[in-house]
Every structure is written in C-alpha cells, then in structure tokens.
Amino acid sequence: MPHTKSAAAPTGFQPAYEATAALLVDLGVHDVFGLMGDDTVRLVSALVDRGVRYHDARHENAAVAMAAGYASTTGALGVCVISRGPGTTNALTALANAARGDATPVLAITGDEWVHPPANSVLLPDGKALDIAVVGAGCGFPTFTPQTARSLPHAVLDAAGAAMRGHTVLLTIPRDLFEAPVELPASTATGPGPSPAPLPARQQSIDAAVAMISRSRRPMIVAGAGAWSAGATSALVELADRIGAVLSTSLRGIGMFAGHPLNAGLIGSWSHTAGRRLMDEADCVLTFGASLNLKSTSDGSGLPTAPVVHVDSDRASIGRFYWADVAVVGDARVVCEQLLAALPERSPEDKPLHSAENIELLARFDPAADFEAASTRWAIDPRTLILELDRLLPDDRAVVTDNGNFFGFIPPHMRVPSPDRFKLSSDFSTIGLGFGTAMGATIARPDTCTVLFIGDGAMLMSLGELETLARLDLPLIVVIMNDAAYGAERHFLELRGFSGKQAMFPDTDFAALAEAFALEAATVRTVADLEALAPLLATGRVGPLVLDCKVSPDVVAGFLSGHVAGR
C-alpha cells in the first residue's frame, strides 16, 4: 500500500460535503467512482470542483466493482460514492465480494438517516431507511457513521484509514449532517502506517522443513499470491535450482515463473498434461503464500500424495484447506532465504526433475494438444478461442475474468506476465461483477492492453454498463463467452443426470447491442473470424471493442466436473 499524504488541510468551517471532499483530496484521491443519489450529489460536485475525476456507472454494483478493480490494480484507495437505502442494497454484492478479496482498499460512501429528524417534515418517514450497520456486519465490511458535525472529519479519516489497511469499508453520512458546518482538523495524516518488517520463521520450523526437504529427491514448489506480494520470485527460483525442484503456482500466483524452463504451470484443475506429469512425480510439496484451497487443488486431488511444507505469514492460513506436515510461519521471501542458507547445493544427479528430458517436455508442450477441439461452423471451442486470442494479443496484457463454466478455460490457455496482471471478480462466487472490475482496472492502467472475459449471463446482468464503456471511451477489449446458457448450472445439472434445458436460453446478438451503444463490435464463430481481427488485436490499444464469441456449449470446464465428482 502506498503511504498517504500528510499536509495541512483548509481551516475554518464549511459544509460537511465540502469538508468530506477536501479530506479525500488531501488524502491523495484522484479518481472516484459511483452512482450518486439525492443525498450524495453535492459531495460528487464538490469532488469534481476540486479536480477529482468522477467515473459514474449505471448500477451501484458496477460502481463498487470499478472502485475495487482500480484499487487492486494501483494499490491506492478505491473510492465509490453511492446513495442510501436502495442504492446501498444494490451495491451489497459488490461490497461483499470486495470484502472477501485480497486486501483491496475500498471506501464506499453513502448517505444515511437523519440523526435528528426534522419536526413535521413532509419527507417523513424516510422511505429509504435502512440499518446498514447490521447488514454490513453480515456481509463482512465495517460501517463508520458520524453522529455529530464535529465527529464527521474523524469518521472520514478513520474510515479511509481502515480501508487503506486493505479492507472494504462503508462510510455513511446522515442526511442532516451533509450541510452542517464542519471545521477541518489541522492535519489529515492517516493511512496504513509503516509496513511491518518481514517476519522470519522460528529456527525449529526451518530445521523441520530442511529435514523434510533433505529426504526428498523430487521436490515441487507451489507459489501463491502471498509469495508474489512478498517479492519472493527470485529467491524461489534460486531455491528450485539448488534443490532440483519443479516450479508451479496456485491460480493467484499465475505467471509468477513465466519463462523459466522448469515452470510446470498451474496446479489443480488448471494444470496441463506436461506439468502434471512432473507434479505427479513429486515426493515433497513446498508451498509458499498459497492457501491450497479446494478450488486450487481440485477438491484436494490436484496435488501428489506427498509430505507438505506450508509457508505463510498468516498462521491461520496454514492447513486451513489442505494438510500441512510442516508448518512454517513467516514471510515467503525471508523463509526462502533461510532455507537457502541451510540447504546445500545438490549435484545434477540428485536433481532428477531437472533432467534434459523434462526441460524439453515443458519446452515442447503445446496446449492445443491437450484437447480435441469441439468447434463447428457455428461455434468455436472455448479453448481454441482463448489460445488464438493468446497468440493475437500483445504479451504485455492484463486479464480480468468474470465467473462461470468458461472461466475454467482461461488460466491454462491465456498467459499473463505476472500475478498482478490477472484479476478475478468472483471472491464471493458471484457473476456479473467482471465488467465493472475491468473498467476500473482499465482506468487505473490505461496504457496496458486489458481484456475482460465474461459469460453471456453476466453480460446481460451488466448490459447498462455498455453505455458506461462507450461514454468513458475506455481501451478495453470485452470477450463475451456466449454459450447461450448459464453454462455452469447447465453442466452441473447434466453431470448429475438432470436435464440442463432450464439453464439454456435463446442466443443474444451482443454485437448488435454493442453497436447500438456506438461501440465497435464483431461476432466470432471461427478462427477465421478472429484472424480478420488480428491487425486490430495486435496493437493492444484498441477499444472499446466488444467480441460476441459464440462458443461451443458442450465443453465442460475441468474444475466444474471435478467439483461435481467430489460432491
């Protein structure tokens, strides 16, 4: 997280909405997202008057998702201004999703009921009344609400500070305080504070891990988001070279070892046959900053039956989803350096996984050889589609994905240069938040080719945001994986012996809908259709561009079939 600005704020009294805007600007906020209502219009105007860029959406869920996408891309505070009552309940799914994400700093601001209702008001009772603090607690995010004009600046700063520590936070401002005179504090210093020093592991756990590793001949390293954020990539590569380990990642560590000759790719449902061949030979699994949850490990079947050394700075994450034979609490990079200091270099003969044959196996691997394409003249195999897009798009790219059956095909077939270029929008196992997330990420990083993968069901939920995309004129490529169904539900039913017809729908012409919003669009049914777009895609700076990709509906994602089989 970046440190925030500490400077003298304007002094004297001013309306609360002006004071709130001044505080946010002084905290370094440059972009705000939202869908304002009658209670928050003045706050938005005050922010814009101070030079803040305001990006408004057509639905509150999209507005919060934009703020979350922006925050996860930049590490800076993502601010969203919505309205009280139904505006807030509309945003609950996105707020709950952001609250379950990986330390995403999101501050949502909305109105609230009067602290002191006016006597004989024609506006009573308040038709938008809502006990949002109770709702927020149930959804996993804290709520800050000032009760007096004097406490308002402190509530704003406290809420922003909590958000900057990697949380999703809701700040509600009562209606009668929005125009109340407020005196700003002399200083607005707030934020996450200095980062704690990386934590080394206790020597006893290092000794236990060294003993476990020393007994192995074919170790395997699994790195996750925690290893990436700790800056452990180089140390892990050095460790793999020293002990003869094969390198792999969890889903959130995707791209971490891109280009390394011993990179076996993703574990679990997203692994490929060449990588799995080496993983299956492993006799020890060293996990750094990865939770090994059920999705990553294919409900526990995606890793070899071998001893596990689990390294994580959060003690509660070790063994939460998957067993750990040796638990090592500490920073991934520091622990890796401790292991390097304790483990001797192995001879080439003691590194069987590093054989020339295995290196050649990984180098020659062709993802297209892992499946028999199910394309027709009317629909393209989703795996073929993604592999072709991977070939046509620039290597310097960012990928945002919504959720659904199609999601299972993206990680193994679409490369990203590093984990920070891959963003999930479904920490709450929802669909429909990808569009907003991708727009926020694009605003944060406009010079990077950003590609959104979204299903037709989620796209129909987000249809109004096509207008947002056109109005903001964002360089975003939207790839609609259109199987004319809720694909995950259809396959879930069929894999259990039921009819999937209730989850199937008539085809939607998304290209025509996008063109109605003055967006450039194309329909893709074949590889030839994609080839015709090659000059456009190769630049990576196109957009907005909407691709209505008619994908074969019969291909089942590995994670879905594994999940059903596991239940």
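Computed on the stretch 60-147, the Cα convex hull volume stands at 88 Å³ per residue. Dimensions of the stretch 45-99 along the principal axes, based on C-alpha atoms and rounded to the nearest Å, stand at 30, 26, 15, largest first. By the helix-only formula, in which each DSSP H run with n ≥ 4 contributes -39500 (n - 2.57) and the sum is divided by residues, the chain has a 222 nm mean residue ellipticity of -10000 deg cm²/dmol.
Taking every alpha-carbon pair under 8 Å whose residues sit at least 6 apart, the stretch 519-559 reaches a relative contact order of 56 percent. Cross-link partners of Lys423 among aspartates and glutamates, defined as those whose alpha carbon lies under 13 angstrom from its own and excluding same-chain residues fewer than eight positions apart: Asp102, Asp402.
Applying both filters, DSSP loop and at most 12 other Cβ atoms within 10 Å, to the trypsin sites (Lys or Arg not before Pro) of the stretch 213-307 gives Arg215.
For the stretch 274-388, the equivalent ellipsoid derived from the Cα gyration tensor has semi-axes of 33, 21, 12 Å, listed largest first.
Average accessible surface for the stretch 461-567: 45 Å² per residue, computed with a 1.4 Å probe over protein heavy atoms with every protein chain in place. For the stretch 26-67, the calculated P(r) over all alpha carbon pairs, in 10 Å bins from 0 to the bin holding the longest distance, is 30, 56, 14 percent. Tell me which of Thr508, Thr148, Ala538 sits at the most positive position along the dipole axis of the chain, charges placed on C-beta atoms (Lys, Arg +1; Asp, Glu -1). So the residue we want is Thr148.
Once you divide the Cα radius of gyration of the stretch 164-247 by 2.2 N^0.38 Å, the number left is 1.98.
In the full protein context, the stretch 66-211 carries 42 Å² of accessible surface per residue, based on a 1.4 Å probe and ignoring ligands, DNA and RNA. Considering only alpha-carbon pairs that sit under 8 angstrom and 6 or more positions apart, the relative contact order computed for the stretch 205-271 is 31 percent. Placing unit charges on each Cβ (+1 for Lys and Arg, -1 for Asp and Glu) gives the chain a dipole about its Cα centre, and among Ala528, Leu460, Gln14 the Cα reaching farthest toward its positive end belongs to Gln14. For Lys501, which lysines qualify as cross-link partners when the Cα separation must be under 28 Å and same-chain residues fewer than eight apart are set aside? Result set, ordered by chain and number: Lys295, Lys550.
Considering only alpha-carbon pairs that sit under 8 angstrom and 6 or more positions apart, the relative contact order computed for the chain is 14 percent. Projection of the Cα convex hull of the stretch 356-473, averaged over all directions and equal to a quarter of that hull's surface, yields 9.2 nm². Averaging 1/r across all pairs of distinct Cα atoms in the stretch 270-335 and inverting the result yields a Kirkwood radius of 12.3 Å. For the stretch 326-406, the spread of Cα coordinates along the three principal axes comes to 59, 33, 28 Å, biggest extent given first. Under a 5 Å amide H cut-off, with hydrogens placed 1.01 Å from N, Leu171 pairs with Ala108, Ile109, Thr110, Phe144 among residues at least 5 apart or on other chains.
Here the convex hull built on the C-alpha positions of the stretch 405-484 has a volume of 97 cubic angstrom per residue.
Based on alpha carbons, the Rg and Dmax found for the chain are 25.2, 88 Å.
Here's the list of aspartates and glutamates a cross-link from Lys351 could span, going by alpha-carbon distance under 13 Å and ignoring same-chain residues fewer than 8 apart: Asp241, Glu281, Asp283.
In the stretch 480-567, one over the average inverse separation of all distinct C-alpha pairs is 14.9 Å, which is the Kirkwood hydrodynamic radius. Using a 1.4 Å probe over the heavy atoms of the protein chains, calculate the carbon and sulfur portion of the accessible area of the stretch 32-147 as a whole percent. Percent of accessible area from carbon and sulfur atoms in the stretch 32-147: 54.
Charging the Cβ of each Asp and Glu at -1 and of each Lys and Arg at +1, and nothing else, the dipole of the chain about its Cα centre rounds to 820 debye.
Sorted into 5 angstrom bins from 0, the C-alpha pair distances of the stretch 218-301 split as 3, 17, 30, 29, 16, 4, 0 percent. Once you divide the Cα radius of gyration of the stretch 442-483 by 2.2 N^0.38 Å, the number left is 1.19. Ligands, DNA and RNA left out, the accessible area of the stretch 304-443 computed with a 1.4 Å probe is 50% carbon and sulfur.
The values are calculated or read from the model by the stated rules, or taken from the named source; none is laboratory data. Bear in mind that the values here come from a model prediction, so they are computed numbers and not experimental data. Note: ideal-geometry Cβ built from the backbone for every residue, glycine included; neighbour counts use all protein chains shown. Ligands, DNA and RNA are excluded from the accessible area calculation, which covers all protein heavy atoms including side chains. Shrake-Rupley method; radii C 1.70, N 1.55, O 1.52, S 1.80 Å.
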